[in-house]
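The values are calculated or read from the model by the stated rules, or taken from the named source; none is laboratory data. As the structure is a prediction and not an experimental result, all values here were calculated from the model. No Cβ is skipped: glycine too gets one built from the backbone with ideal geometry, and neighbour counts run over all protein chains shown. For accessibility, only protein heavy atoms count, side chains too; no ligands or nucleic acids. Shrake-Rupley method; radii C 1.70, N 1.55, O 1.52, S 1.80 Å.
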Amino acid sequence: MNALYSLFAVFALVVIALVGAGAAGMEQLFGLYIPWLAIAVFLLGFVAKVIGWAKSPVPFRIPTTGGQMKSHDWIRHDKYDNPATAGQTFVRMALEVLLFRSLFRNIAVQRFGSAADGVDVKVRYASAKWLWLFALIFHYSFLVVFIRHWRLFLDPVPSFIVALEAVETFLQIGVPTLYMSGAALVLGATLLLLRRFLVPQVRYISQAADYFPLFLILGVALSGIVMRYWAKTDIMAVKEVTMALFSLNPAVHIEGVGAIFFVHVFLVSCLIAYLPFSKLMHMGGVFLSPTRNLPNDSRARYHRNPWNDPNVKAHSYTAYEDEFREKMIEAGLPVEKTLEEAAKTEAQ
Amino acid sequence: MAWNVKPEELLQYDYKVPQKNWMDVPPEFKPGTWCYPAKAEILEYLNKATKGDFPHIREWVPTDADWKLPEDWRERIKKGFRERLDKYRSFKVFMDVCVRCGACADKCHFYIGGGDPKNMPVLRAELLRSIYRGEFTLAGKILGRLAGARKLEEDVIKEWFLYFYQCTECRRCSLFCPYGIDTAEITMMARELLHLVGCNINWILEPASNSNRTGNHMGIQPHAYYGMMEFMCDDIEEITGVKVNCPVNEKGHEVLFITPSGDIFADPGTYTYMGYLMLFHEIGLDYTWSTYASEGGNFGLFTSDRMMKKLNAKMYAEAKRLGVKYIIGGECGHMWRVLNQYMDTMNGPADFLETPVSPITGTRFDNAAGTSMIHITEFTSDLMKHGKLKLDPSRNDDKIVTFHDSCNPARAMGLLDEPRYVIQNVCNNFVEMPEDTIREKTFCCSGGSGLNTDEFMEMRMRGGIGRGNALRHVQQKNGVNTLATICAIDRATLPPLARYWAPGVEVYGVHELVANALVMTGEKPREVDLRQEPLPGME
């Protein structure tokens, strides 16, 4: 059900764009004002969210350590899974953000044997790198597609984007030549989607908020692909619009661009406006996760907790000895006060 | 509670998920899956000691329909939730960034051994997140269930109580999460919220209360504690012919030694305790024990940050009173989580102490410069590296040993190689369990975070399947008969686990193995080990 609702929602967005920019002729709205609004919502929302997180302190250092801590110099220190310095922590974070280190570690549980085998039933673990692979395909192709789009906003087009395109199209499939990143993005999103449909446990935990962004991104990618390979949108007209977007120039005359362009732009606008309010904020959150972005150095250095309550104190030794003094003396344990001294204090 | 379900019956589960949405599956309180609520007199004492941290004391049972929650329970939960979001960035970020990828799902020992989907860490966290969305986010307020939000009903509290007391805060899921979402943090917050409406369990609060009053979680009074130590010294003399010293509550020594009190009264922990006494005597360490700070294990960690701080504060208070230079801590799991990640921040800076320096080897422990507290296996491995101990590992030749990493030293600290080094110096036969079950990927004993009680035995045995299977594997393949560990809760929970899943394997503390192999000055020819069983060749 959650998946269906999400699919309908994305269809509805497509229809809105088709009707709005096509039939109703609101090209200016869909081509300029909605994207501007979406970017503003994204920027404000993103900043507000990160500030919101940053406002809550990190009272304690709680890194999840994934290897040997720094200890004796003759014991090999696992620097990047159990960092002791800021530099090592930086490398740990880079491995996490760029290579999805934790997902690479993934293992899957498997059960062998039947219940009748009693204690000899086996629970084993197997390497499980599918999720890591799917996620890597998805995120990196998305990144390349994103960077490739800069050519539409920049004039002249920087040489690294030209180079990127050369790499992307080296297979020379079709006319215009197929961008591999576009195909990979559709593939990645589809694999992640299939995983949600086909693995019962993952389906059980999936919400509309998990399907919706995947469908939305698929919609963005497919509309882009249709525009490039089938609808053959006038690329110069598109660039005129995007340059106008980028230079905040509302005077541009948007005509003859084709409805599919507005569908694409509208879906992108929805995606970027939706991002700060959704789980897609993991993009920013991963940098703020206290189990990953802190060195494991709290025994070596003192860290202050801003809300530490000095009124929380141990049950005092004095109260302890007052309760047990007689028995302690009898057992031959040292005490601070003899029975006479204690009696005198009490009398006062 | 009598519990005698056979393994083949316990294994009648699968990983199927219900057809219904999880929000429509009500919590079910089956025997063996929940712990008894805290006794009223315990709560009354704690409430007095903390000036009101344990409100709404009443008699109640989780199987009752009416939990007699306070009238304003919703407001209490909402206010408490908001306060904790503002206090902990971890909590706030973890409420927002989960993408429900499911990488954590089959990492939880309770899910692996029970198949209840609400024990998938992602879903356990959703129990809180659904309320967070409903109460604190705009999307959740408008879209409701479509945004994964739900209303705060009494069943939610019941569900929290059931599942957040089916989490041992072992952090195995956190290791695999791409954002490092730590279910232990979430469980800690949920338990704090439950305290606000008077829902808590006795097996945590009675030890916390005892630790506060008598210094140790068993409630042993100082004279009795000292009596038990003297009794152990007599045993050591009988076995080795050496009369060891046992300084207690004495001022003016260099080192204060603190270990979990579970080890003083129950086997097999007692042998580890004897091991410390023998080692320190042999090297002539200038040290003292304390009855006031006789508990390393901190049941406050499973209660609230305030209780944790309060119990932990004793260590520095006692170190200051006795005038020691630094502290050595014994073999304990969650004690080391508190010491490594919280202690200095809560109760420091420990500027009245010094950076630990081993008086025997001169090694300076710069990794503990702030806290001034080192782990016993850091200390002992250093002695061994410098050849300061005379050891006869053949005395442990009847043992084929494997090592169980305890969750907290492994995943909150990274203490992995020191205990292995110590074991390998005192045992000739050491084998590792399969790699996905050790070191940072280690499995919980399923009794951590205050759940090592007998009424919870079914869940303990279910959760124990991961460790049990790995142990059974090396037992069959390598003839392993000894499971060494550095945690007192392990020493309490692993013996029944081993009897159930890998019968024939005995549980040992690392320093019991050290003491067996330790050749002491002036000792008589040893015929028996610390358990008074004949040494190899003496049968």
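Would you please give the residues with an amide H less than 5 Å from that of B:GLU506, counting only those at least 5 places away or on a separate chain, with H modeled from the backbone geometry?
Excluding prolines and chain starts, which carry no amide H, the hits are B:THR482, B:LEU483.
Magnitude of the Cβ-charge dipole of the protein assembly as shown, K/R +1 and D/E -1, about the Cα centre, nearest 20 debye?
The calculated dipole for the protein assembly as shown is roughly 3160 debye.
Given an 8 Å cut-off on Cα distances and at least 6 residues of separation, report the relative contact order of chain B as a percent.
17
Using each residue's phi in the range B:69-74, evaluate 6.51 cos²θ - 1.76 cosθ + 1.60 at θ = phi - 60° and report the 3J(HN,Hα) Karplus result to the nearest Hz, with x for Gly and Pro.
5, x, 4, 9, 4, 4
Kindly provide the helix-only [θ] at 222 nm of chain B, computed as the sum of -39,500 (n - 2.57) over DSSP H runs of four or more divided by all residues, to the nearest 500 deg cm²/dmol?
It lands at -13000 deg cm²/dmol.
Which of the residues in the range B:1-39 lose at least 50 Å² of accessible area when you go from the chain alone to all protein chains together (probe 1.4 Å)?
B:LEU11, B:TYR15, B:VAL17
Skipping prolines and chain starts, which residues have an amide H placed within reach, meaning under 5 Å, of the one on B:VAL519, given they are 5 or more residues away or on another chain?
So B:VAL519 has HN proximity to B:LYS390, B:LEU391, B:ASP392.
Run the Debye formula on the Cα coordinates of the range A:7-150, all scatterers equal and no solvent, and tell me log10 I(q)/I(0) at q = 0.17 1/Å.
-1.20
Starting from the alpha-carbon convex hull of the range B:393-472, give the projected area averaged over all orientations, in nm².
Mean projected area for the range B:393-472: 6.0 nm², to one decimal.
For the protein assembly as shown, what does the accessible surface come to per residue with a 1.4 Å probe? Please give it in Å².
Per-residue value: 38 Å².
Suppose we keep just the DSSP beta bridges with both residues in the protein assembly as shown; what percent of those would be antiparallel, to 5?
Antiparallel: roughly 35 percent of the beta bridges in the protein assembly as shown.
Could you state how much accessible area is buried at the B-A interface, both sides summed, with a 1.4 Å probe, in Å² to the nearest 100?
Between B and A, the summed buried area is about 9400 Å².
Quick one: which bits of the range B:66-93 get at least 20 Å² less accessible when the partner protein chains are in, versus the chain alone, with a 1.4 Å probe?
Listed by number, the residues meeting the 20 Å² cut-off are B:ASP86, B:LYS87, B:TYR88, B:ARG89, B:SER90, B:LYS92, B:VAL93.
Relative to the isolated chain, which residues of the range A:198-244 have their accessible area cut by 50 Å² or more in the presence of all protein chains (1.4 Å probe, heavy atoms, no ligands or nucleic acids)?
At a threshold of 50 Å² (probe 1.4 Å), the residues of the range A:198-244 that become less exposed are A:GLN201, A:TYR204, A:ILE205, A:GLN207.
Using +1 at the Cβ of each Lys and Arg and -1 at the Cβ of each Asp and Glu in the range A:290-347, identify which of A:ALA342, A:THR291, A:ALA331 lies farthest towards the dipole's positive end.
In the range A:290-347, that residue is A:THR291.
Along Cα→Cβ, 7 Å out, is where each label goes; now give me the distance between the ones at A:ILE147 and B:ASP64 in nm to one decimal.
A separation of 6.4 nm, rounded to one decimal place.
Taking amide H positions as placed in the peptide plane 1.01 Å from N, state which residues far from A:ASN82 in sequence (5 or more) or on other chains have amide H under 5 Å from it.
For A:ASN82, whose amide H was placed from the backbone, the distant partners under 5 Å are A:GLY66.
Restricting attention to the alpha-carbon atoms of the range B:283-395, what are Rg (one decimal) and Dmax (integer), both in Å?
14.8, 48
Top to bottom by accessible area (1.4 Å), largest first, where do A:PHE197, B:PHE430 land?
Descending accessible area places them as A:PHE197, B:PHE430.
Rg and Dmax of the range A:126-226, using alpha carbons, in Å: what are they?
15.8, 51
Starting from a Cα-only point model with no solvent, please compute log10 I(q)/I(0) by Debye for the range A:15-75 at q = 0.12, 0.17, 0.19, 0.20 1/Å.
Log10 of I(q)/I(0), two decimals: -0.61, -0.77, -0.84, -0.87.
Rounded to the nearest 20 debye, what is the charge dipole size of the range B:472-528 about its Cα centre when +1 sits on each Lys and Arg Cβ and -1 on each Asp and Glu Cβ?
The dipole of the range B:472-528 has a size of about 200 debye.
Given a 1.4 angstrom probe, I'd like the percentage of the accessible area of the range A:41-90 that is carbon and sulfur, rounded to a whole number.
In the range A:41-90, the share of accessible area belonging to carbon and sulfur is 67 percent.
If you roll a 1.4 angstrom probe over the protein chains with everything in place, what fraction of the accessible area of the range B:111-255 belongs to carbon and sulfur, to the nearest %?
54
For the range A:227-310, what are Rg and Dmax over the alpha carbons, in angstrom?
Rg and Dmax of the range A:227-310, Cα atoms, are 23.4, 70 Å.
So for chain A, averaging the separation of alpha carbon pairs under 8 Å that are six or more residues apart and normalising by length, what relative contact order in percent results?
30
Classify the protein assembly as shown: rounded, prolate or oblate, from the alpha-carbon gyration tensor (a ≥ b ≥ c, eigenvalue square roots; a/c under 1.5 rounded; otherwise prolate if a/b is larger than b/c)?
prolate
Using only the Cα atoms, what convex hull volume per residue in Å³ does chain B have?
Given the Cα convex hull of chain B, per-residue volume reads 146 Å³.
Once you have the Kirkwood Rh of the range B:434-522 from its Cα pairs, apply Stokes-Einstein at 10 °C and 1.306 mPa s and quote D in µm²/s.
116
Using DSSP, restrict attention to beta bridges with both residues in chain B and report what percent are antiparallel, rounded to the nearest 5.
15
Based only on the alpha carbon positions, what is the Kirkwood hydrodynamic radius of the range B:123-209, in angstrom?
Evaluated on the range B:123-209, it is 14.0 Å.
At 1.4 Å probe size, what's the solvent-accessible area of B:LYS20? Round to the nearest 10 Å².
Its accessible surface works out to 120 Å², give or take rounding.
For the range A:340-348, take each phi angle, set θ = phi - 60°, evaluate the Karplus expression 6.51 cos²θ - 1.76 cosθ + 1.60, and give the result in whole Hz per residue in order, putting x for glycine and proline.
Values, residue by residue: 5, 4, 5, 5, 5, 4, 5, 5, 5 Hz.
Taking θ = phi - 60°, what integer Hz values does the Karplus form 6.51 cos²θ - 1.76 cosθ + 1.60 yield along the range B:235-248, in sequence order, with x for Gly and Pro?
Listing the rounded values in order: 4, 4, 5, 5, 7, 10, x, 9, 8, 8, 7, 9, x, 10 Hz.
Taking the range B:204-347, how much of its Cα-Cα pair set, in percent, is spaced more than 21 angstrom apart?
39
Using unit Cβ charges (K, R positive; D, E negative) and no other charged atoms, how large, in debye to the nearest 20, is the dipole of the range A:35-137 about its Cα centre?
120
Placing +1 on the Cβ of each Lys and Arg and -1 on the Cβ of each Asp and Glu in the range B:199-260, which of B:PHE257, B:PRO207, B:PRO222 has its Cα farthest towards the positive end of the resulting dipole?
Going by the Cα projections, it comes out as B:PRO207.
Tell me, what % of the accessible area of the range A:229-269 is carbon and sulfur with a 1.4 angstrom probe?
Ligands and nucleic acids excluded, carbon and sulfur reach 68 percent.
Report, in whole Å, the centroid distance computed from the Cα atoms of the range A:249-281 and the range B:447-498.
Cα centroid of the range A:249-281 versus Cα centroid of the range B:447-498: 57 Å apart.
When you look at the Cβ of every residue in A:108-115, what mean number of other chain Cβ atoms sits within 10 Å?
So the per-residue partner count for this stretch is 5.
Volume per residue, Å³, of the convex hull around the alpha-carbon atoms of chain A?
Per residue, the Cα convex hull of chain A comes to 300 Å³.
Working with all protein chains in place, sort B:THR259, A:THR233 by solvent-accessible area computed with a 1.4 Å probe, largest first.
If we order B:THR259, A:THR233 from most to least accessible, we get A:THR233, B:THR259.
Determine the order of B:ILE360, A:ILE254 by accessible area, beginning with the largest, at a probe radius of 1.4 Å.
Ranked list, largest accessible area first: B:ILE360, A:ILE254.
Can you give the accessible area of B:ILE283, probe radius 1.4 Å, in Å² rounded to 10?
30
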